[in-house]
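Remarks on the structure that follows.
The values are calculated or read from the model by the stated rules, or taken from the named source; none is laboratory data. Predicted, not measured: the structure shown is a model, and the values here were computed from it. Positions of Cβ are generated from backbone atoms using ideal geometry, with glycine treated the same way; all protein chains shown enter the neighbour counts. Remember, those area values only see protein heavy atoms, side chains included, never the ligands or the DNA or RNA. Shrake-Rupley method; radii C 1.70, N 1.55, O 1.52, S 1.80 Å.
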Amino acid sequence: DFRVERHKLFQQPLDVLMKQAESEQQKLSNHLDLVEVNLFKQLSQRHEFLASMATLQAVQGDLAGAVEQVRTVRAEIASTRKQEVECNLLVARMHKRRQRFEDLLRRLELVATVQHGPPSIKLLLSTKEFVTALDVFDSTMAMLGEDLKGIAAVQGVMSQMKELSASIDRRLEGEFMQCVVNSQLHPGESDELVGASQLVVIIDCLQRRNCLPTVLHVSFRDLMLKQFKTALREAAAGICQKCLAATAGQETEAAQQGKVTLDTQIGRLTYSQSLEFWDELVAWVLRLSKRLVAFIELVISRCPEDDGDSAEEGASETQSYPTADDLSSPRELPLVPSAQATNKAFADLGRLYETTVTAMLKQIGEFVATRATQSQKLKPAEFARTLAASSRAIQEADSQHQSLKKRLEPRGVAFTAASVSRELKGTMYNQTKMLVEEFHQSKITLARMAVDVDDWSAVRVNEEFQRLVDRMIDPEAIQKPAVDEVGNDGKLEQCLRVKDKQFHVVSALLMLLQCMWQYLEFCHTLPAVSCDVLQRLLTLLRQFNNYTRTAVLCGGIAKRPQKDKGDGDKVEKRKVTAVQLVHCSQTMGFVAAFLPLLQAAATPMMQKQGGEEQQGAHSQATLVCTQFEEVTKEYEDHRRDLYNKMHSVLVRQLLIGDWYEKLHPEEKDGSFPPHPAVKGFLDGCGKMYKMLMRILQLQDVQGIFQAGFAEVAETLQKKVSPGAGKFRKEDLALRAPNSGNRYVRDVAFMREHLLTLPAIAKAAQDWTDELLRVVLAYLDVTPEVRQEFAALLPQ
């Protein structure tokens, strides 16, 4: 709709358009005429235009005079300039030209100077004059970046300086690494750095080049770690050869020739040689650790703390030069490293210490591990000396680590390792655990042998054992140094005392007491593994309990073959006697009474055990206390089972005599003899009573007989009660006519004899009363018998 060909003008005839144009042109002309008339009218009103036309010639005359005067003045100025100024201007031009020649000559001299710069720098680098070389480099780069900027003649020098820049950095980096290695690994025994002044110069030069953060990066750390590991193995080999030199000349010569590995040499060391080797090696590592800390402190001292004002002022006063990566377009760069770069260098130093010291401590831990077999055969006191040297290394390394942390953490350095000695700690802990396990296995074997060879008869006790028991339950005495082994020269006692209780003991228990004391000595010697040792002690007690149960309660003694004295080819088997049961119960009772006191005395020892996690050590101590209670209960249960076994022996006297199955003896001359089983039962009760009263406490004796009496009464109750039905065919005595009469006489006979035993008289009276009630209730008893025994029969 808006295209040109559609406009309405293009749709009208040409003559019409021409007429309209002429009309419009006429209108415009009229308007212009009106404008001119009005304009002339306005000018005539504001200016005297017609009057001024009369003075026009006078004005033109004055103007021509003025022009003539200007020409005269200009001519005079040109004359004066030619005579007085032109010579002075010529002098000024000549002076300016001279200045340009002088500047050209100076630039040419600078060109000659900068051309001599690269050879001079190379010569200074070859003589290790790094400070002078950097001064020459800085001045040369300043000339190239300012006075000689844009001059084509020095482009070749610019390329050489670019190459020299990278060469200087590489040379400084190599010299820095060499100085650090020499200062750390020198053979002297001093903790101070060797060549510290040269190292300071190199560090300052690296600071000027802004290369220190780059040099202290991963490659430097890897190089130092490799150098330290190599030096450590060489030092270990040298120390080992020195220790072996006094014993085996041929082996030492073979070791020097490389025919014997270092691990083999370490394994050949005797105990005293291994201590000497370990002490010297630990001292060597600690020496290197201190030198490394000194090196880090030196670097930190050459890198002042970041201060905004001083840093800006120092940067403004310091010359600037192009870097190696931007020599083609020189620009101003500060020689003072940024705070971020400095902190990065400090972080690399912290990681260098952590990585290097951790690796060295791990390596010496591996050297210890090569003697694992020999270490397992050491006594705890002997191994403690090796552990003490390790602990000293761990403490000093961790102390240095913490000191370094306090120095660098305020500068924003984050340390990754909580401890640099964790690897050595783990190795020594594993070695100690292996020693504990070896010690524990030997005691397990000894306990098994002691139980297997013991005949469970009471032995007289050396008074030294009583002092040993008192010492083990004393919280103060248990933590003091070990006492001598128990000898045979002391006074002999009948029993051992635990507080106010006395116990008859067997030889197996005496052996167990000696083993327990050796476990406690182990805890005192190596307190770091107290909980582990006490756990093994509880395991030993559990095993001893199991061995004892198998040997005595389960009849293991009866299965032991024993050769007959008359004929070596005959073999007879022994039986478990009541005496053996009693002595075994005394052993179980002693341990059950002794363990709670031992736990109370050993608790402070467990609380002293330290570790990386105190919470974990506390949890382990709590677990050990719980295990003490569990083992104590196991011994009490075993003792109870032995008591049950002893009262079952009483019951077996009646069962073996067939009180219920065999008929009573016939009447003779008006008397009624008791059943043979009753006689055997009373004989067994008398013997057991005498034996138990000599060994056990009164309440224990009463408990055993009461349990036996109750079982007999319960058995008779089951056999004669109506719920049991008819009597068995085997129970001939119960089925006999008037069997109740004979059983009443048997009970009266047992009552008469048992009342002579005062300790169990009350229990025997109650038991016989119960038997009479059962007989009167379920068996036939004639009135004559009731009248005869009316005083005994219950109302």
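Mind listing just one residue for me: the one in the stretch 169-203 that is part of a helix (DSSP H, G or I) and free of Cβ contacts under 8 Å to residues at least 24 places away in the same chain and, of those, surrounded by the most Cβ atoms within 10 Å (Cβ to Cβ)? Checking each candidate, the answer is C179.
Taking V91 as the residue in question, decide whether it is open to solvent by less than 70 Å² (accessible area, probe 1.4 Å) and part of a helix (DSSP H, G or I). Before the answer, list the steps.
Values: open to solvent by less than 70 Å² (accessible area, probe 1.4 Å): no; part of a helix (DSSP H, G or I): yes.
Here the answer is no, as V91 does not meet what is asked.
For the stretch 549-575, taking the residues that are open to solvent by less than 40 Å² (accessible area, probe 1.4 Å) and at pLDDT 75 or above, the one that is nearest to V436 (Cα to Cα) is identified as A551. Contact annotation: residue pairs with Cβ atoms under 9 Å, 6 or more positions apart or on different chains, pairing a residue in the stretch 261-278 that is among the charged types (D, E, K, R) with a partner that is part of a loop (DSSP other than H, G, I, E, B), are D263/T370; R268/T247; R268/A248; R268/V260; E276/L269.
Taking (1) within 30 Å of D279 (Cα to Cα); (2) in contact with a helix residue (DSSP H, G or I) (Cβ under 6 Å, 6 or more places away or on another chain); (3) not hydroxyl-bearing (S, T, Y) in turn, G238 satisfies each apart from (2). If only residues of the stretch 415-434 that are farther than 21 Å from Q374 by Cα and polar (S, T, N, Q) are counted, the one that is modelled with the highest pLDDT is S421. Annotation: S159 fulfils all but one of (1) surrounded by 19 or more Cβ atoms within 10 Å (Cβ to Cβ); (2) over 18 Å from R208 (Cβ atoms); the unmet one is (1).
So, E437, is that one at pLDDT below 85, open to solvent by 60 Å² or more (accessible area, probe 1.4 Å) and of a type in the set (D, E) or not? For E437, the condition - at pLDDT below 85, open to solvent by 60 Å² or more (accessible area, probe 1.4 Å) and of a type in the set (D, E) - is not met.
Residues being in contact with a helix residue (DSSP H, G or I) (Cβ under 7 Å, 6 or more places away or on another chain) and not polar (S, T, N, Q) are represented in the stretch 36-44 by at least one member.
Suppose the filter is under 20 Å from V651 (Cβ atoms), at pLDDT below 85, touching a Phe, Trp or Tyr at 6+ places or on another chain (Cβ under 9 Å) and open to solvent by 60 Å² or more (accessible area, probe 1.4 Å); does Q717 pass it? Before you say what the answer is, go through the steps one by one.
On the way: under 20 Å from V651 (Cβ atoms): yes; at pLDDT below 85: yes; touching a Phe, Trp or Tyr at 6+ places or on another chain (Cβ under 9 Å): yes; open to solvent by 60 Å² or more (accessible area, probe 1.4 Å): yes.
So Q717 fits the description; yes.
Of all residues in the stretch 417-434, exactly one satisfies the criterion of being in a loop (DSSP other than H, G, I, E, B) and open to solvent by 70 Å² or more (accessible area, probe 1.4 Å), namely A418.
Which residues, taken from the stretch 394-416, are assigned to a helix (DSSP H, G or I) and among the small types (G, A, S)? Of everything in the stretch 394-416, those that are assigned to a helix (DSSP H, G or I) and among the small types (G, A, S) turn out to be A397, S399, S403. Taking the stretch 124-150 as the range and being farther than 15 Å from V114 by Cβ, surrounded by fewer than 15 Cβ atoms within 10 Å (Cβ to Cβ) and of a type outside the set (S, T, Y) as the test, the residues that pass are K128, V131.
Which of the following residues is in contact with a strand residue (DSSP E or B) (Cβ under 8 Å, 6 or more places away or on another chain) and in contact (Cβ under 8 Å) with a residue 60 or more places away in the chain: Q697, Q627? After applying the criteria, what remains is Q697.
Mind checking whether some residue in the stretch 111-119 is aliphatic (A, V, I, L, M) and farther than 30 Å from Q160 by Cα? Checked against the condition, which is being aliphatic (A, V, I, L, M) and farther than 30 Å from Q160 by Cα, the stretch 111-119 yields no hits at all.
With respect to A414, is the statement that it is farther than 30 Å from H440 by Cα and either of a type in the set (D, E, K, R) or loosely packed, with under 14 Cβ neighbours inside 10 Å (or both) true? Yes: the conditions hold for A414. Just one of (1) over 26 Å from the mean Cα position of the chain (by Cα); (2) assigned to a helix (DSSP H, G or I); (3) at pLDDT below 80 fails for T632. It is (3).
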